[in-house]
1. Pull out all pairs, ordered by first then second residue, where Cβ-Cβ is under 6 Å, the residues are six or more apart or on different chains, the first lies in segment 24-42 and is free of Cβ contacts under 8 Å to residues at least 12 places away in the same chain, and the second is in a helix (DSSP H, G or I) and small (Gly, Ala, Ser).
2. So how many residues does segment 48-86 have that are at pLDDT below 80 and aliphatic (A, V, I, L, M)?
3. Take the residues in segment 36-86 that are of a type in the set (A, V, I, L, M), more than 20 Å from the chain's Cα centre (by Cα) and part of a loop (DSSP other than H, G, I, E, B); name whichever of them is surrounded by the fewest Cβ atoms within 10 Å (Cβ to Cβ).
4. Does residue 20 satisfy the criteria of being at pLDDT 75 or above and either surrounded by 14 or more Cβ atoms within 10 Å (Cβ to Cβ) or among the small types (Gly, Ala, Ser) (or both)?
Amino acid sequence: MTRAARTLQRAGALRIGSGGAAIPAEAHQDRLIQNGMSTAMAQGMRATAMAKDADLDDGAVRTPQRSTPATFRQWCQDVLKPAVLA
């Protein structure tokens with residue numbers, strides 16, 4: 001987690017968008033609800049944004065042990081397409 005992300009997390013703030021300004025997480029959730037999102041969905045979006053700010057996307061490094069031998073395209077051709085056409 002970056003120093004900036006830790007600071008924002010402690011403050012309960014989120015960085016919205018690429019290089020966006022930090023806003024309080026509660027304010028972000030409130031804005032989503034004001035624009036018609038359900039409370040449960042807004043809470044989920046808030047939790048997701050906080051996790052992403054805490055470097056969620058950097059959690060797993062791709063290694064041979066964490067990879068499959070087939071690409072997604074290959075899996076679609078070998079498995080999905082025959083299943084759909086069957």
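1. Taking only residues 6 or more apart or on different chains, the pairs are 33/42.
2. Going through segment 48-86 one residue at a time, the tally reaches 5.
3. 86
4. no
The values are calculated or read from the model by the stated rules, or taken from the named source; none is laboratory data. Please read these numbers as outputs of a predicted model, since none were measured by experiment. All Cβ positions, glycine included, derive from the backbone under ideal geometry; neighbour counts span all protein chains shown.
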